[in-house]
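Below: one structure, written as structure tokens.
The values are calculated or read from the model by the stated rules, or taken from the named source; none is laboratory data. The shown structure was predicted, so the numbers you read here are calculated from the model rather than taken from an experiment. Cβ sites come from the backbone with ideal geometry, for glycine too, and all protein chains shown count toward neighbours.
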Amino acid sequence: MIRLGQNLRSISKVKLQSFNNYKYSSSNNNNNNNNINSNINNIKINEYSNLRKIIEDGQENSNRLDKLKELFPDKEDLSSPLEYLDSEQRLNETKQKLIDLEKSFVEDLAKLNKARVVAQSYLLDGEDGIENDTDWKSDVKEISDDEKNLRKIQTLLEFEAIDDAVTRYRDLMLDSKGKSFVTSFKSIRDVLMQWNEGLTEKVQKDLATKDQDAAWVTILKTVSVQKCILKSLNIIVGKSVLKDRYDFATNIIIETIGVSVYAEYKSLIVKKKEPKTYKKISKLIPNSALKKFYNLSTDNLDVIVLPPESKDIFSIGEFLVSQVFKHCTIQESLGEDGSKQSPAFTIQSHYANGVRTTKVIPHKNIFKLIEAGHEIRETGGARLFPMVIKPLPWITPTEGPYLHYKVPIMRTNGSAMQLRTLVDSDMSLIYRALNILGETPWVINRDLYNVILEAWANGGNIGDIPKRTDFEYPEISDDMLFDHEARKELYKKEQRIKSLNFNLHSLRCDTNYKLEVARKFLDHTLYFPHNIDFRGRSYPIPPHLNHLGSDFCRSLLKFEKSLPLGEKGLEWLKIHVANLYGVDKIPLNERLAFTERNMENIFDSVDSPLNGNKWWLKADNPWQTLAACMELTKAIRSGKPAEFLSNLPIHQDGTCNGLQHYAALGGDVWGAEKVNLLPSDCPQDVYSSVAQLVEQIVEEDAKNGDEIAQFFLGKVDRKLVKQTVMTSVYGVTYIGAREQIENAILEKFSDLDLDEDFIFKSSTYITKNTFASLNNMFVGARSIMKWMSDCATLIAKSGHCVTWNTPLGLPVVQPYKKGGKYNIRTLECDFIVVHNDDLLQVDSNRQRSAFPPNFIHSLDSTHMFLTAMTCYDQGITYSSVHDSYWTHASTVDRMNDILRNEFVELHKQPILERLLEWFQVRYPDIKFPKLPKKGELDINKVKESRYFFH
């Protein structure tokens, strides 16, 4: 199905560019943005439905149900979801079209793809620039019944995810009905905030014309005009729009606003003079807190308190209501530029029993805006399942893999700048790479699923599966009634257990849901469509069960395709067992020997996983280790292990991949050696190498009498510095690194009673020396990071966000700006104020600190995509988790050759030189610093490095 959205453009036939000819070039994005057709989503969606009309207008529900049952004869009960959908009067037009499409799946796949392309062209004013190699004349009869059934299942899966999202959203709305925080829903908040932006200044001008000595003016100014406006809008919309609409008279709304503002005023006084009282009352639900603060006596507080006279309360409410009536307007014709503006709220008088009353009447378009917002968001954030058919290819930034549910290609977090750059960029290589990742077929590891299910049924608490029973609270002894300190200690223990049980509940729900998803796909091949973040890193779209997940999630997944192991494949399977167990810092032949020494433990793990000696549970990744043990055991017991058909993914992981890219960029020979860019007989461990350098500094300082150095003498190891070394490449600050080291010290010396002052001084000491060691080891990396930071600072200070294109043509925009979102707290609720990011000031600090790590992320994603495309071209099954590349055991060596060649080809390009060229063209008024001098590293040596990925 075509999903309508803004900024769509026609897509020509993909012509893959040669990577070696890629070049950074200047962009005309800013000039072209105004040419984007901003009215595309105004095209009537029923123009698409005319392409395939299945149900005649006015068809009765019973006829539609009969039609559906004819198409789904294998489904016993289809009435419930259909009746649910039919009963919802406010479902949007898009969802109705999805129901129509559900009935169309007896048609062949080719016709659906044709409809997508034709509709795309049709919606873009008849452009015919779309080329496609599909043969539209293929016979419908060639589509098998299995394919038709899979398409039906895929439809039902997507509907299930959509209906679940709708149900969750509406349950939340029902739970919020009548409560003041209902206006915090984004669909309602967006309506409020369209007026909030320019209202503060207007109200302040009008307030300046009032008597500044009046009590009500002082109250209003003390609370702040902006907060008073938000409270007023919240109350007016909440009472006149949400709560039975017209049941609230104007004087009630005025009084409610006045009481709310005065309670806010008193709360500020209490917060300043009696913080404990303020904290106690604030824990109440909002409406109770309002009343408490309003009625709270403040005679004992040493502060002048204005009297809560009724005329002051009424004056506050009357002024604010009048301001809303005066300044809040809405379009007569929504979505039309230049449409006449009308008051958003009006007063209507009527008589009851001879008494004249007035009520606030909201404009009808306010209801339309709120309803439209609900309809959009109730299906948003659907927890999509993996697909049972091969994902449809990405063809635009909004036309992706699912049949019905629209998913953007980039996770932008609402940044308009990032979305605009995608529209005018050649994304063909990104589309191709994502399509390749999504087309890798998977199956559920049924053997391991049964073991996990048994462990779960037996109470859990094994591997990373949580236990199914709560922690018990401590017993209360008799002496606690008279021992105050014992009661305090008991209370602390109870609070800790309460927190642990709360977390346990969340983990149990998550585990149970993942097992349910696995059960759903036991008999199906499944696919994980992918999209990217703004740096280009790819992620599976299904959020729960995927290969990016936890240990037990990964263990549940195997490739659908099986290949004979061969002699080398058998060796890689054994090495994989050792790697997963945690024996991955030694040469490959020693890992092989480790597995062969533990064959009895491996057999026992497979034969009695929950009742044997449980050797597998001691592994770093226990469930994945058990899965590998099962595969190895089957191969050996088959009698011909080299001929055994294996489909277990084998991983090859980079060594601190970010530092690998830095070493290659800077030609840093010593650094390259430490991260395995150069050949060696055994794998280098950069964390141990840094720890050794820190230990040398500690030894020298200890000789000179430094007490902290003497304490750490012989105690500095890789665990102490690992996290800081790992995150240094991604821009960790000194403060963040010190906290990491502090946590490592607390964990390492948990049996010692170290005072806080010593912990702070010692973490500061180790952090300083860790950074110094890194600077000595990675001279090139540090100089490149500084150059990047300097460039980012110059760009940000000129008022621009840092942008660049990856070697595959993906435009990257750092969205960091100041004040894009902030929180305003009131007694009723918190208001999240979001500004248009195009109008915000660039955040120089974040642009500077984030650029080096973001650029490296864009390079490692490029390397992964290049590897994926080449593996696909050579018929190798491939998947990845960032810098961990997966394939069959029998194709590990071929994949290793490919990933090394692609890394070398990538870094043979003048990457930094082209980045500088891009900056100079895009920001001609800025004088950028010269590139740092490059070292003598021969990048071709990577091809000979056995442990580059291992």
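A few notes on this one:
- Residue in the range 474-490 that is in contact with an Asp or Glu (Cβ under 9 Å, 6 or more places away or on another chain), at pLDDT 85 or above and part of a helix (DSSP H, G or I) present: no
This table checks each residue for (1) free of Cβ contacts under 8 Å to residues at least 40 places away in the same chain; (2) surrounded by fewer than 20 Cβ atoms within 10 Å (Cβ to Cβ).
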position	(1), (2)
ALA868	no, no
HIS882	no, yes
VAL892	no, no
VAL904	yes, yes
GLN909	no, yes
ASN940	yes, yes
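- Matching residues in the range 420-431 - criterion: being out of contact with any strand residue (DSSP E or B) (no Cβ under 7 Å at 6 or more places or on another chain) and either surrounded by fewer than 19 Cβ atoms within 10 Å (Cβ to Cβ) or part of a loop (DSSP other than H, G, I, E, B) (or both): ASP424, ASP426, MET427
- Within the range 638-656, tally of residues that are in a loop (DSSP other than H, G, I, E, B) and not hydrophobic (A, V, I, L, M, F, W, C): 6
- Residues considered: HIS882, HIS888. Of these, the only one that is modelled with pLDDT of 95 or more and within 22 Å of LEU434 (Cα to Cα) is HIS888.
- Among the residues examined, GLU600 does not qualify as part of a helix (DSSP H, G or I) and within 35 Å of the chain's Cα centre (by Cα).
- Pairs where the first residue, in the range 452-468, is of a type in the set (Asp, Glu) and the second is assigned to a loop (DSSP other than H, G, I, E, B) and at pLDDT 90 or above, C-beta under 8 Å, 6+ apart: GLU454/LEU610
- Some residue of the range 741-761 being in contact with a helix residue (DSSP H, G or I) (Cβ under 7 Å, 6 or more places away or on another chain), of a type in the set (S, T, N, Q), on the phi < 0 side of the Ramachandran plot and assigned to a helix (DSSP H, G or I): no
- Scan of the range 406-429 for residues that are modelled with pLDDT of 85 or more, more than 13 Å from PRO815 (Cα to Cα) and out of contact with any Leu (no Cβ under 9 Å at 6 or more places or on another chain), ordered by number: ASP426
- ASN621 vs. criteria surrounded by fewer than 16 Cβ atoms within 10 Å (Cβ to Cβ) and either at pLDDT 95 or above or in contact with an Asp or Glu (Cβ under 6 Å, 6 or more places away or on another chain) (or both): no
- Which listed residue, of SER550, SER562, is surrounded by fewer than 20 Cβ atoms within 10 Å (Cβ to Cβ), of a type outside the set (Lys, Arg) and within 18 Å of the chain's Cα centre (by Cα): SER550
- The requirement of being farther than 30 Å from PHE851 by Cβ, crowded, with 18+ Cβ neighbours inside 10 Å, free of Cβ contacts under 8 Å to residues at least 40 places away in the same chain and not polar (S, T, N, Q) is not satisfied by ILE759.
- Within the range 716-756, the set of residues being touching a residue at least 24 places away in the same chain (Cβ under 8 Å), under 20 Å from ALA702 (Cβ atoms) and not charged (D, E, K, R) comprises VAL716, LEU720, VAL721, ILE741, ALA744, ILE745.
- Checked against (1) of a type in the set (Gly, Ala, Ser); (2) under 30 Å from GLN814 (Cβ atoms); (3) out of contact with any Phe, Trp or Tyr (no Cβ under 9 Å at 6 or more places or on another chain), GLY536 meets all criteria but (3).
- GLY612 fulfils the conditions (1) within 19 Å of VAL904 (Cβ to Cβ); (2) free of Cβ contacts under 8 Å to residues at least 12 places away in the same chain; (3) not hydrophobic (A, V, I, L, M, F, W, C); (4) not in a helix (DSSP H, G or I) except for a single criterion, (1).
- Qualifying residues in the range 771-787 (those that are at pLDDT 85 or above and crowded, with 22+ Cβ neighbours inside 10 Å) - the one nearest to ASP706 (Cα to Cα): MET785
- Among the residues of the range 525-538, the one identified as within 24 Å of ALA628 (Cα to Cα) and surrounded by fewer than 20 Cβ atoms within 10 Å (Cβ to Cβ) is THR525.
- Scan of the range 932-950 for residues that are among the aliphatic types (A, V, I, L, M) and touching an Asp or Glu at 6+ places or on another chain (Cβ under 7 Å), ordered by number: LEU937
- Of the residues screened, VAL675 is one that is touching a Ser or Thr at 6+ places or on another chain (Cβ under 9 Å), at pLDDT 85 or above, β-branched (Val, Ile, Thr) and crowded, with 20+ Cβ neighbours inside 10 Å.
- The listed residues are PRO924, PRO932, and the only one of them that is in contact with a helix residue (DSSP H, G or I) (Cβ under 7 Å, 6 or more places away or on another chain) and outside any helix (DSSP H, G or I) turns out to be PRO932.
- So GLY566, is it out of contact with any helix residue (DSSP H, G or I) (no Cβ under 8 Å at 6 or more places or on another chain) and not polar (S, T, N, Q): no
- For the range 299-332, a residue qualifies if it is more than 17 Å from TYR262 (Cα to Cα) and modelled with pLDDT of 75 or more, and the qualifying residues are SER322, GLN323, VAL324, PHE325, LYS326, HIS327, CYS328, THR329, ILE330, GLN331, GLU332.
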